[in-house]
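Inspection log for the structure reproduced underneath, given as structure tokens.
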Amino acid sequence: MSGAGGAAAGARREVGGSRIVDAGALAWREFDEARGARYKVLNKTEGGSLTLLLQFAPGSEYPAHTHPAG
């Protein structure tokens, strides 16, 4: 991935114990590893875990990979 995310000001807020994310206010970022695939970072924890919104163009693929936490 190119960069860890970065949010538009005000895109995330806490309401009654829930996190609200205005995904429309976040920029799409391109994956270095996969042409035609892009993502928005919805959440990043202090431990480094990410929640992403993904978008794939028709015919695009993302290479096989593993996740450290399984």
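Taken together, the values in this text are just the output of simple stated rules run on the coordinates, not laboratory data. What you see is a predicted model; the values in this text were computed from it and never measured. Please note: Cβ atoms are built from the backbone with ideal geometry, for glycine as well, and neighbour counts cover all protein chains shown.
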For region 43-53 the number of residues that are surrounded by 10 or more Cβ atoms within 10 Å (Cβ to Cβ) and without any contact (Cβ under 8 Å) to a residue 24 or more places away in the chain is 3
Give me the pairs, please: first residue somewhere in region 54-68 and hydrophobic (A, V, I, L, M, F, W, C), second residue anywhere and surrounded by 10 or more Cβ atoms within 10 Å (Cβ to Cβ), beta-carbon distance under 8 Å, and either six or more positions apart or on two chains.
Leu54/Ala37; Leu54/Arg38; Leu54/Tyr39; Phe56/Gly36; Phe56/Ala37; Phe56/Tyr62; Ala57/Gly36; Ala57/Ala37
